[in-house]
Ligand SMILES: C[S@@+](CC[C@H](N)C(=O)[O-])C[C@H]1O[C@@H](n2cnc3c(N)ncnc32)[C@H](O)[C@@H]1O
């Protein structure tokens with residue numbers, strides 16, 4: 001009887017376009033539901049070196065889906081080997097700009113002074129040119145599989161964020177930004193200072209390693225910024241990221257977006273808490 005019920009549930013879930021990861025013990029690695037397409041795309045994306053996992057890619061997808069349709073491009077600071085950039089392009093199908101100097105040697109670079117050994121190890125000893133080539137190759141494979149045109153939608157700006165801010169096309173404004181470059185107070189403050197010029201109202205801001213005690217400057221730069229809770233409002237903390245909204249239409253709108261983002265998460269699989277400012281914390285159980 002129980003088995004029959006299980007089969008019916010699995011069949012229904014499959015019909016909805018999801019799969020159940022079977023054979024995972026309940027506990028830390030329990031059954032997790034992800035859309036089948038996301039799982040397939042992640043299989044390709046994870047061939048790139050980097051840090052993004054499927055939960056984070058799923059978060060990107062949920063954030064993009066919660067945003068009202070608009071065709072502004074999206075931006076990433078800190079591309080590394082392109083995992084999150086490719087994932088963002090893949091789930092959004094929007095023009096996706098990635099800013100990174102593509103350091104040949106991570107050592108002796110002030111911008112990555114706390115992470116140099118870690119990053120150098122993760123590159124798998126590839127040169128900058130090889131890393132760039134691999135990104136475009138991945139996009140080509142995804143395009144072939146999904147009949148998309150990501151290869152032409154992704155633009156790499158091979159420079160530091162400061163140079164990008166100074167020399168970029170000022171006409172272009174973004175609807176989502178993923179901040180994962182220099183993990184310092186100064187760099188995060190500098191990019192937040194630019195939000196008025198960079199972002200359209202109701203943009204989503206995703207900051208990686210938020211409240212990670214290895215990089216305390218990231219949260220400090222956000223919380224101490226004069227625009228915090230004036231034009232920048234917290235939405236959600238989870239999956240090693242802080243998510244904020246720039247200039248939401250209203251507090252009601254902000255709550256609507258929070259609810260939309262939460263909708264795909266199952267309360268039986270995730271621990272979800274509301275903070276006093278109505279932002280949300282979420283983690284896998
Ligand atoms: C943690 S990695 C990014 C990881 C990447 N998002 C992923 O999916 O794997 C940080 C990246 O930020 C870049 N970076 C460091 N300082 C920067 C700066 N000032 N401007 C732009 N990128 C920077 C580094 O070159 C490095 O590739």
Selection count where residues are in contact with a helix residue (DSSP H, G or I) (Cβ under 6 Å, 6 or more places away or on another chain) and under 17 Å from residue 64 (Cβ atoms), scope segment 154-173: 1
Residue within segment 154-174 that is at pLDDT 90 or above, surrounded by fewer than 18 Cβ atoms within 10 Å (Cβ to Cβ) and within 24 Å of residue 40 (Cα to Cα) present: yes
Filtered residues of segment 125-148 (kept if buried (at least 18 other Cβ atoms within 10 Å of the Cβ) and over 16 Å from residue 94 (Cα atoms)): 131, 132, 134, 135, 138
Out of 61, 87, sole residue that is within 8 Å of the ligand (Cβ to nearest atom), modelled with pLDDT of 95 or more, surrounded by 20 or more Cβ atoms within 10 Å (Cβ to Cβ) and in a helix (DSSP H, G or I): 87
Residue check for residue 72: farther than 17 Å from residue 152 by Cα, away from the ligand (no atom under 13 Å from the Cβ) and assigned by TED's automatic domain parsing to the domain that holds residue 124: no
Test: residue in segment 222-245 that is in contact (Cβ under 8 Å) with a residue 60 or more places away in the chain, surrounded by 13 or more Cβ atoms within 10 Å (Cβ to Cβ) and over 18 Å from residue 188 (Cβ atoms): yes
Failed item in (1) modelled with pLDDT of 95 or more; (2) in contact with a strand residue (DSSP E or B) (Cβ under 9 Å, 6 or more places away or on another chain), with residue 71 passing the rest: (1)
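The values are calculated or read from the model by the stated rules, or taken from the named source; none is laboratory data. What you see is a predicted model; the values in this text were computed from it and never measured. Please note: Cβ atoms are built from the backbone with ideal geometry, for glycine as well, and neighbour counts cover all protein chains shown.
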